[in-house]
Every structure is written in C-alpha cells, then in structure tokens.
1. Among (1) closer than 25 Å to ASN221 by Cα; (2) open to solvent by 50 Å² or more (accessible area, probe 1.4 Å); (3) among the polar types (S, T, N, Q), where does SER34 come up short?
2. May I ask you to list the residues in the range 86-141 that are aliphatic (A, V, I, L, M), assigned to a strand (DSSP E or B) and away from the ligand (no atom under 16 Å from the Cβ)?
3. Tell me the residue from PHE253, PHE199 that is open to solvent by less than 50 Å² (accessible area, probe 1.4 Å), in contact (Cβ under 8 Å) with a residue 40 or more places away in the chain and of a type in the set (Phe, Trp, Tyr), please.
4. For the range 209-245, which positions are away from the ligand (no atom under 16 Å from the Cβ) and under 23 Å from THR158 (Cα atoms)?
5. If PRO89 satisfies all but one of (1) closer than 20 Å to ARG116 by Cα; (2) modelled with pLDDT under 95, what's the number of the condition it fails?
6. Which of (1) modelled with pLDDT of 95 or more; (2) more than 16 Å from the chain's Cα centre (by Cα); (3) under 30 Å from PHE91 (Cβ atoms) is the odd one out, the single condition ILE208 does not satisfy?
7. Tell me whether the range 235-244 contains one or more residues that are of a type in the set (Ser, Thr, Tyr) and in a loop (DSSP other than H, G, I, E, B).
Amino acid sequence: MGRTEALTAAEWVQFEQEGYLRLGQIASDSQLASLQARMDAIMLGKVRYKGMYFQLDSASGSYGDVPSGGEWAEATLNYRKIETLERDPEFLAYLQHPVFRNICQQVYGDSVSIYRSMFMNKPAFRGTVLPYHQDGGDQWGLDRNPLVTIWTALDNATVENGCMQVIAGSHRLGLLSQWGHTISPEQEAELAPESASLFLEAKAGEAILLHNWLLHRSGVNRIECPRRAFSVCYMEGATRSQQDENRTYPLVFGEGALCPEDQRPDYIEESLAV
Ligand SMILES: O=C(O)CCC(=O)C(=O)O
C-alpha cells in the first residue's frame, strides 16, 4: 500500500525551501510491477499507441549525440525517452493518483493539464548524460510556466545507474534563461558545482515532487540494472501554446479530464490483453 495522505503544511514549507520533496511510495507493489511490465511491453512494441513519441538512447552517452525521436522504431529496451504515456490506461491511472491531484489542486486549482508524461530511461550499461537544466522557458512554447513535476522511480535509482542530481534551493533563482532548459557552462560552474550536487537515490516506486525550476541533471548507467523512471509535468488547465492559442493540452484533473477506461492501445499482443 502506498502513500495516500496529502502533503502536510511542514512538507509544503520544505518543498518551497528545497525545490523538491520525497513523497515516498505512491504506487502499490502490484501497480509498480504492472507499470514496469507495461513500460517494457511498450518499448518492445507489444503494446502500441498512435502518436506516442520514442527516442532511442545515444550510443556514446553524450547529450549532443541523442538521436531525434519519432515513432516506435524497433523492439529494444534501449529507448532513452518515450512521451505521451497518458495514452496508456495504466500510466494515466497512476498519474491521476489522489496524492498528485491534491498537490496539483493546491498549486493550480481544480483544472489541471499536463505538458508531458514521459518515460526517462538509463538502459543497462548505457544511458546518456543529461546536463543541468530547468524545465520551462520559451523553448517550451507555453503562455505560462508550469511549476510541478512528479518523478517516479520504476527501478531503484542509485549513483551507479544514473539517479537524478539536484541543486537544493536552486528553483529560488527563478528561470535562469528565458529560453529555458540547459544552462551555460559559466552558470553551471557558479550555480551547480559538484560540491553542491545532491544525488537523489530513490527506491523503485518512490515518487519525488520537483519544482520545474530546480536545477537537475543525471548521468549514465554503469550497471546491469536499468534505471527506468516516469516523469509528469502538471500545469494549470488553462495553459495554452504561445504560438497557437487553440492548442490545448491533455486535462488530467477537473472537468473534461481523461479517463483510463477510455484509453485503448491501437495494438496489444493477445497474451497481454486483459
Ligand atoms: O530522469 C532523469 O534522469 C531526468 C528527468 C528530468 O529531467 C525530468 O523529469 O524533468
């Protein structure tokens, strides 16, 4: 049984100070096992959805070598990133957990959408360095900045397999570049020196609340155990694209929210269908 209680006032204060908060285990053991199995089935093409975004891992481990993504490419566990997981009923049900709803309602009110729901993977003995960055800014093309990301470890995340690293309190610096995302080498030397870096090891099933402006990075995986994770960026339901005010984003809480019962794979191997 995972956590069901809302955040306490002390936890909110801690989140405001540090820019991250460990939420403990949210998924039950059986839900976690089912998310792990579903993730591998999606990578192996046993469950498929139109419009899901896939990006293979780089061969070199270098961020500059990450291939541009697109549709499902091949049956392999070496994907680096997969987006649009809200199309899958199991991932949608998880990201709509009451604890997450309560957090989002405190920050945004009743209507909440997502910018993305994504799988981030450091495959066995592989993975790509993700440099220090913040999640937001003009690069995201939104008319307001999202502030809430919830990251869940699908495997034990350790220093050896590329757990996340953060600079506690760095969200209070605000967005370091209006364009957003990665920071310059000069900013990194000043604001994110190795000595200030905190390794956020996490147990499989543990969820961590992240402020979108918290500086975070992750390295490569030096061991056989993959480091799979699921990360969801929640935002105010009224958020629109800067370029196209008619573009909406999937609503996950409040009126018009997606329902797991309505999500169907376009293809599912017979042995996996329930
Ligand atoms: O999982 C990782 O290594 C990084 C995740 C991340 O950058 C995010 O969730 O925004």
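The values are calculated or read from the model by the stated rules, or taken from the named source; none is laboratory data. None of these values were measured; they are calculated from a predicted model. Neighbour counts run over all protein chains shown; Cβ positions are idealised from the backbone, glycine included. These area figures cover heavy atoms from the full protein model, side chains too; ligands, DNA and RNA do not enter into them. Shrake-Rupley method; radii C 1.70, N 1.55, O 1.52, S 1.80 Å.
1. (2)
2. The first filter runs over the range 86-141 and keeps only residues aliphatic (A, V, I, L, M), leaving 92-93, 95, 99, 103, 107, 112, 114, 118, 120, 124, 129-130.
Next cut, assigned to a strand (DSSP E or B) only: 112, 114, 118, 120, 130.
VAL112, the sole residue that qualifies.
3. Numbers: PHE199 fails: open to solvent by less than 50 Å² (accessible area, probe 1.4 Å).
The match here is PHE253.
4. First, pick out the residues of the range 209-245 that are away from the ligand (no atom under 16 Å from the Cβ): 224, 236-245.
GLU224, the sole residue that qualifies.
5. The number of the failed condition is (2).
6. Result: ILE208 fails condition (2) only.
7. Step one: filter the range 235-244 for residues of a type in the set (Ser, Thr, Tyr), giving 239, 241.
Keeping just the survivors that are in a loop (DSSP other than H, G, I, E, B) gives 239.
The answer is yes; a qualifying residue exists.
For every residue, the table says whether it meets (1) touching a Phe, Trp or Tyr at 6+ places or on another chain (Cβ under 6 Å); (2) open to solvent by less than 30 Å² (accessible area, probe 1.4 Å); (3) hydrophobic (A, V, I, L, M, F, W, C).
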position: PRO185; (1), (2), (3): no, no, no
position: GLU188; (1), (2), (3): yes, no, no
position: ALA192; (1), (2), (3): yes, yes, yes
position: ALA204; (1), (2), (3): no, yes, yes
position: ARG217; (1), (2), (3): yes, no, no
position: ASN221; (1), (2), (3): no, yes, no
